[in-house]
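Beneath this line is the structure, given in structure tokens, with notes to follow.
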Amino acid sequence: MSEHEDGKERLSVKRLNRILSILLSEMKDLTDEGRDLPIRWNIMHMYSSSQLAKLLAMHRGINPELAAIAAALHDIGAVVTKKHAGHAEAAPPYIYDFLERFNRASKSKLLQVNQEEAEAIVQAVVQHSEKESDSKDPFIELLRDVDSLDAYLHGVKIEGGRLERSKRVMKELGIAFPQG
């Protein structure tokens, strides 16, 4: 989970950083035409969600790099289809394709995203929009919580399951949820 370099502790996120770099290079020139949300929103949300995922994963004892990779990929269905409706369910083929390309490109340089990790990412992404539901899988719950809290922190009006999750996570982290 962490690396030692020159006697300093460092979080191991080499795969994540490469994945974020690839995603940005693939997204930065996309147009907003026909999109439910501007591509700049997807890019901002990808980066901030991955940071929140690392933090919350460390707090919960979950692999922070894997959580952040899932967060980076969680809206890939919306990016590719341009639509928010059904984006979570549409994501699996895009995730598998992306991870396969990542593994091929970084074969000798970085640790591969293995099949078990890919399956965990896909399951969390497919279920991340179900904010009103509770899962026994802490990885799925983490992605639902991260997506909810990130929207709140970006000033998106949230309600229902998103609002409850945001309040619960902030309480978990010892942060008072602002009233009003």
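Every read-out reported here was derived from the displayed coordinates using simple, explicitly stated rules and does not represent laboratory data. Please read all numbers here as calculations on a predicted model, not as lab measurements. Every residue, glycine as well, gets a Cβ built from its backbone with ideal geometry; the counts of neighbours run over all protein chains shown.
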Which numbered condition trips up LEU143, out of (1) crowded, with 16+ Cβ neighbours inside 10 Å; (2) over 15 Å from the mean Cα position of the chain (by Cα)?
(2)
Against the definition (in contact (Cβ under 8 Å) with a residue 24 or more places away in the chain, in a helix (DSSP H, G or I), aromatic (Phe, Trp, Tyr) and closer than 18 Å to TYR47 by Cα), how does PHE139 come out, yes or no?
no
Which of the residues spanning the stretch 66-90 are touching a Lys or Arg at 6+ places or on another chain (Cβ under 6 Å) and not hydrophobic (A, V, I, L, M, F, W, C)?
LYS82
Have a look at GLU164, GLU119, GLU130 and point out the one that is surrounded by fewer than 16 Cβ atoms within 10 Å (Cβ to Cβ), on the phi < 0 side of the Ramachandran plot and either of a type in the set (Ser, Thr, Tyr) or in contact with a Ser or Thr (Cβ under 9 Å, 6 or more places away or on another chain) (or both).
GLU164
Of everything in the stretch 160-180, what is among the aliphatic types (A, V, I, L, M) and in a loop (DSSP other than H, G, I, E, B)? Give them in sequence order.
LEU173, ILE175, ALA176
Of all helices (runs of 4 or more DSSP H) completely enclosed by the stretch 1-109, which ones contain at least 1 residues that are of a type in the set (D, E, K, R) and surrounded by 15 or more Cβ atoms within 10 Å (Cβ to Cβ)?
14-27, 39-60, 64-73
Across (1) among the hydrophobic types (A, V, I, L, M, F, W, C); (2) part of a loop (DSSP other than H, G, I, E, B); (3) touching a helix residue (DSSP H, G or I) at 6+ places or on another chain (Cβ under 7 Å), VAL156 clears everything bar (3)
